[in-house]
């Protein structure tokens with residue numbers, strides 16, 4: 001999605017009165033393949049009144065599900081954790097949703113170590129959500145190490161084989 005299309009969707013998001021339409025438009029904004037636009041949306045979401053508070057977590061999660069935004073959302077989550085935790089920490093469901101959403105696609109040893117380091121450095125709060133996230137990322141890393149090559153070989157196979 002180029003910048004003009006992204007801007008058009010952003011303007012439609014602000015002019016729409018229908019909550020369901022706003023949700024669809026917001027999710028569409030997170031589908032860009034431009035890390036510049038994804039980063040811009042992340043920064044706009046938390047540092048402005050342009051995005052309702054209840055949509056901030058969804059933006060971060062959806063960018064984390066985008067292959068072009070996964071690392072970006074993970075880094076943003078760690079950098080802004082204190083702000084996010086102070087804003088949503090009382091709503092345990094929101095915090096758990098955010099933690100699981102931003103970590104569910106982490107699948108490398110490096111990302112696992114980053115998560116472990118982050119948990120160690122972040123002071124308290126959301127222990128059960130982080131414990132669950134750690135279990136999931138460990139399983140992702142294990143699966144990735146065991147089956148990645150076999151999976152790619154299977155994808156490359158001719159349908160006639």
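The values are calculated or read from the model by the stated rules, or taken from the named source; none is laboratory data. Bear in mind that the values here come from a model prediction, so they are computed numbers and not experimental data. Quick reminder, even Gly has a Cβ in these numbers, built from the backbone with ideal geometry, and neighbours come from all protein chains shown.
For segment 149-161, the criterion of being under 29 Å from residue 36 (Cα atoms) and not in a loop (DSSP other than H, G, I, E, B) is met by none of the residues.
Given the criteria over 15 Å from residue 77 (Cα atoms) and in contact with a helix residue (DSSP H, G or I) (Cβ under 9 Å, 6 or more places away or on another chain), does residue 128 qualify? Answer is yes for this residue. Among the residues of segment 34-57, those that are surrounded by 12 or more Cβ atoms within 10 Å (Cβ to Cβ) and modelled with pLDDT of 95 or more comprise 34, 35, 37, 38, 39, 40, 41, 42. The requirement of being part of a helix (DSSP H, G or I), free of Cβ contacts under 8 Å to residues at least 60 places away in the same chain and closer than 22 Å to residue 42 by Cα is satisfied by residue 63.
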